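Chemist: Shown below is the structure under consideration.
Where a number appears in this text, it was derived from the coordinates with a stated rule and is not lab data. Every value quoted in this text rests on a predicted model; they were computed, and no experiment measured them. Here the Cβ is made from the backbone with ideal geometry for all residues, glycine too, and neighbour counts use every protein chain on show.
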Amino acid sequence: MEKIWNLSSFQENKKIDFLDKILSERNINTKKEKEIYLNSDLKYLSDPFILPEMNKAVKRIKKAVEQNEKILIYGDYDVDGITSTAVLYRFFKSEYGIDLQYFLPDRIKDGYGLNTKSLKKIVKNDVNLIITVDCGITAFNEAKYLQEKGVDLIITDHHTPAEKLPDALAILNHHLVESDNYFASEIAGVGTAYKLVQALNGESTTRMNEELLPIVALGTVADIAPLKNENRIFVKNGLKMINKDKVLGLKTLIEELKISKNNLSAGQIGFIIAPPLNAAGRICDAEEALKLLISENLEETKSIAKKLIKINKQRQQQEEIIYQEAENKIDNINLESEKSIILFDKEWHSGIIGIVASRLLEKYNLPVILFAVDKEKGTAKGSARSISSLNIYQALKHCQSKVLNFGGHKAAAGLSIKSSEIESFKDKFKEYLFKNLTEEDYFKRKRIDLNFDISRISKEFISSLEKFRPFGIANPAPKFLFQNLKSRQCYQMGKKDKHLKIYLENGIQAVAFNLGDKAAEISNNKFDLIAQPEINRWQGQENIQLKVDDYRIENNVSTALVFEENKYSFYDYRNFRDKNKKLNKLLDNKAIRKAAVYINYKKEKDSLKKVFQQHYFFGSQYKLEEDFSHLIFYSLPFSFEQFYKILKDYKNNNKNKINKVILMFSKSDINYNIKLIEYLKQKELAANSKNELDFKGSVRYNKLSRRMDNFMEFKDIIFKNNLFALITNVSNFKEDKNES
């Protein structure tokens, strides 16, 4: 195994609405939940006053407005911080006629968040009230300083608070809401700023939403916030409102980027529109990006948009240089033993290494930490990106004795460190990986929503998938599993023949990016695809097309299809050709630390025992008294009872959270089991015919007859395409049938 395909749901009955299946997989089940998800109306936004201390914040701001006090917004240099600042600035100007003061820290000079050096300059300007956006939740010393200076502080932030809170007049943070089902539990900094606007504005007006929600959508997508619940409503409505042209700078930037503002996707926001804004804070001045979003001067917005696009191109060039240098350094690393990529360089820009880290993560599927070294200070700033199975924040917490400071979340983090500590940090980090991750945790995982018959794809079907937009984190485009496909024609296309066009047997086309070198393999074999159905529009024509996410050649053991539910992972390798060869390959894989292998064939069992001494091979007589990483059914058990008992014995000794079960038997095993049971029956019958009064023999014969009945029932369950049904059977099975 090198890759795992996780199937989320299986459709046996074609009459069942596939939309309901996918919604259910996303934990959207009730009629109300479906209505909110599919329509995403603004009326479903949560009450802003659910946020603790919102009343305090509103009262203090309204007092400041009435008394003409000086108010300053303290933002951040990334797109979330810039858009948060823009939302409050535009609201105050539109609603109260106030041009608020603002401050955005410089990434290099000031670093992230509130800092006393900057606050000293701000206080000198007689500011009465500071409102932070996208920062401040851990600004203990800075809050104390402002309190001493008589400046009130309102913190709006979405980052995780520490055990204590800064001494501020009011703190707005969704983590402080004591509810398990808070609808706005994952909003970004810009979402928190908008909640404040909601509270100040009372009933939101259409005009205000058309001016603010496009900016909220931009910041939410750029900060990679999960596109569900409140965030989904922000983004879905914000995308619709962009073409109302109420944000001049955004309109201008879109035009300069030469993309259509009609039917904009979250992907276009994240990959095309946000990067020029982000580049300003990375290698230039974040204030340029803010000015673009608050200016009402067409010439100014055009000038800034052009400048930001140019800066982003410079950023891309620097990024490519750093990426290539990182690749050169990786050539000297044994990735197999290190299990991570940790690199540093004194020439690297601290504002760009995070993007490079993300690219390396995508390519190598290993945790990545890149450091930009400041030679003069003897320190280094790091950006960390992580695989799905590793909480990078917890890993850094384990290494905190080696770092100056760190912060972040499960997937990404930032840190600073003394340059002299980098090597010892590597050792500490590696120690954590080896203690907490298994070999399988490093496999690439692909999530599949549902299996689907390719003959059922239609334009109507594809149109219905539009209901799931906008796509993004926590709400990806639905991916389907299409099995047993064959190409009629397959050819390379694109620059350097990097991509692949596949014509399938039923006339549907598929496009596979970056798989150009797989043309021969795909042409000559049956294969499975993970793909997203879409309409390809070209020269006035519309064709149904599959956008391929991944492929698997028939009988290729390197990619496992996994059904995971109720703490069971069933790996489907049933009916593979030459299963002995496949078993050998699997047992050679380091991911299978120690397997218990059920096998009926004595010769094969004895042969495998000699080659793979670290694994345990057993038949009807066994003792599963050790901790096995995997249970493999190479042979087919004789009944559900026997299958369940083996599974239960494995589970009782398994220290993993998930019971990993690999099914390798094929339909040829059915005949073997039937022949064996029939042979034993005939043998018993022959023995009984010699002695008609052999009561024990008669009982044994009847038991064998029952065993045949049980086996025939079991084979129908175990060979179902839907292994979720098997997991359900296992989970609900009661040991009320004793079979000897």
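Chemist: Can you tell me what the convex hull of the Cα atoms of segment 280-341 projects to on average, as an area in nm²?
Modeler: Details: hull surface 21.4 nm².
Computed as one quarter of the Cα hull surface, the answer is 5.3 nm².
Chemist: Treating segment 352-393 as a set of equal point scatterers at the Cα positions, no solvent, please give the Debye-formula log₁₀ I(q)/I(0) at q = 0.17, 0.23, 0.24 Å⁻¹.
Modeler: -0.47, -0.72, -0.76
Chemist: Based on the alpha-carbon set only, what is the convex hull volume of segment 340-436 divided per residue, in Å³?
Modeler: On the way: hull volume 7.9 nm³, N = 97.
Taking only Cα atoms, segment 340-436 has a hull volume of 81 Å³ per residue.
Chemist: Moving to a separate point now. Going by average Cβ neighbours within 10 Å, how do the peptides 630-643, 120-133, 235-248 rank, with the highest at the top? Let's see the in-between values first.
Modeler: On the way: 630-643: 22.4, 120-133: 18.8, 235-248: 20.6.
Taking the mean over residues of other Cβ atoms within 10 Å, the ranking is 630-643, 235-248, 120-133.
Chemist: Given charges of +1 on the Cβ of Lys and Arg and -1 on the Cβ of Asp and Glu, with all other atoms neutral, how large is the dipole of segment 340-436 about its Cα centre, in debye to the nearest 20?
Modeler: Numbers: 15 positive and 9 negative charges, 44 e Å.
Rounded to the nearest 20 debye, it is 220 debye.
Chemist: Short version: ³J(HN,Hα) in whole Hz for each residue of segment 632-639, in order, from phi by Karplus 6.51 cos²θ - 1.76 cosθ + 1.60 (θ = phi - 60°), x for Gly and Pro, what are they?
Modeler: 10, 9, 6, 9, 8, x, 9, 6
Chemist: Related question: Among VAL177, ALA280, ALA222, flag the residue with its Cα farthest along the positive direction of the charge dipole of the chain, charges on Cβ as +1 for Lys/Arg and -1 for Asp/Glu.
Modeler: It is ALA222.
Chemist: Around GLU565, which amide H atoms from residues at least 5 apart in sequence, or from another chain, sit under 5 Å from its own amide H, with H modelled in the peptide plane?
Modeler: The list, which skips near neighbours in sequence, is PHE570.
Chemist: How large is ³J(HN,Hα) for each residue in segment 445-450, as worked out from phi by the Karplus curve 6.51 cos²θ - 1.76 cosθ + 1.60 (θ = phi - 60°), to whole Hz, x for Gly and Pro?
Modeler: Each residue's phi maps through the Karplus curve to give 10, 10, 9, 10, 6, 6 Hz.
Chemist: Along segment 379-385, what does the Karplus equation 6.51 cos²θ - 1.76 cosθ + 1.60 (θ = phi - 60°) give for ³J(HN,Hα), rounded to whole Hz, x for Gly and Pro?
Modeler: For segment 379-385, the Karplus-derived couplings read 10, 9, 9, x, 10, 10, 10 Hz, x marking Gly and Pro.
Chemist: Now for a separate question. For segment 480-561, please report how many Lys pairs fall under 20 Å Cα to Cα, leaving out neighbours fewer than 8 apart on the same chain.
Modeler: Qualifying lysine pairs in segment 480-561: 16.
Chemist: Follow-up. Could you tell me which residue out of PHE234, ILE341, ILE553 lies farthest along the dipole of the chain toward its positive end? Charges go on the beta carbon: Lys and Arg +1, Asp and Glu -1, centred on the Cα centre.
Modeler: Of PHE234, ILE341, ILE553, it is ILE553.
Chemist: Here's a follow-up. Which order results if PHE10, PHE103, PHE618 are arranged by neighbouring Cβ count within 10 Å, fewest first? If you can, show how the numbers build up before the last one.
Modeler: On the way: PHE10 17, PHE103 20, PHE618 14.
Ascending Cβ contact count within 10 Å gives the list PHE618, PHE10, PHE103.
Chemist: What share of the DSSP beta bridges in the chain is antiparallel, in percent to the nearest 5?
Modeler: Values: 50 of 100 bridges.
Close to 50 percent.
Chemist: Here's something else I'd like to know. Over all directions, the average projected area of the alpha-carbon convex hull for segment 525-567 comes to how many nm²? Don't jump to the answer; show the numbers that get you there.
Modeler: On the way: hull surface 19.3 nm².
Over every viewing direction, the Cα hull of segment 525-567 projects on average to 4.8 nm².
Chemist: Rounded to the nearest 500, what is the 222 nm mean residue ellipticity of the chain from helices alone, with -39500 (n - 2.57) per DSSP H run of 4+ residues and division by all residues?
Modeler: Working: 25 runs with 311 residues, N = 740.
When only DSSP H runs of four or more count, the value is -13000 deg cm²/dmol.
Chemist: Right, next: If amide hydrogens are placed 1.01 Å from N in the peptide plane, which non-local residues have theirs closer than 5 Å to the one on ASN659?
Modeler: TYR568, SER569
Chemist: Could you state, as a whole-number percent, how many of the C-alpha pairs of the chain are farther apart than 39 Å? Don't skip to the end; give the middle numbers.
Modeler: Numbers: 127112 of 273430 pairs.
Value for the chain (Cα pairs over 39 Å): 46 percent.
Chemist: Turning to a different aspect of this structure: Quick one: compute the contact order of the chain, relative version, from alpha carbon pairs under 8 angstrom and 6+ residues apart, as a percent.
Modeler: Value for the chain: 10 percent.
Chemist: Would you list, by chain and number, the lysines whose Cα falls below 25 Å from the Cα of LYS377, excluding same-chain residues fewer than 8 positions away?
Modeler: Straight-distance partners of LYS377: LYS109, LYS117, LYS120, LYS121, LYS329, LYS346, LYS397, LYS402, LYS418, LYS426, LYS428.
Chemist: With a cut-off of 8 Å between alpha carbons and a minimum separation of six or more residues, what is the relative contact order of segment 53-313 in percent? Spell out each step's value before the answer.
Modeler: On the way: 481 pairs, mean separation 51.6, N = 261.
About 20 percent, as a whole number.
Chemist: Here is a follow-up. Please list, ordered by chain and number, the residues whose modelled amide H lies under 5 Å from the amide H of ILE73; skip anything fewer than 5 residues away on the same chain.
Modeler: Close amide H contacts, sequence-distant or interchain: GLN101, TYR102, PHE103, ILE131.
Chemist: Looking at PHE563, ILE670, ALA596, which one has the Cα that reaches farthest to the positive end of the dipole of segment 532-682 (charges on Cβ: Lys, Arg +1; Asp, Glu -1)?
Modeler: Of the options given, the answer is ALA596.
Chemist: While we're on this one: With a Cα-only, solvent-free Debye model of segment 53-313, what are the log10 I(q)/I(0) values at q = 0.08, 0.12, 0.13, 0.17 Å⁻¹?
Modeler: -0.28, -0.66, -0.78, -1.37
Chemist: Given all pairs of different Cα atoms, what value in angstroms does the Kirkwood hydrodynamic radius of segment 124-223 take?
Modeler: 14.7
Chemist: Further question: For a protection proxy built on the mean count of beta-carbon atoms within 10 angstrom, sort 437-445, 135-143 highest first, please. Walk me through the numbers on the way to the answer.
Modeler: Values: 437-445: 17.3, 135-143: 22.0.
Final packing ranking: 135-143, 437-445.
Chemist: With viscosity set to 1.567 mPa s and temperature to 4 °C, compute the Stokes-Einstein D of segment 87-157, Rh being the Kirkwood radius across alpha carbon pairs; µm²/s, no decimals. Write out the running numbers ahead of the final one.
Modeler: Details: Rh = 12.9 Å.
Answer, rounded: 100 µm²/s.
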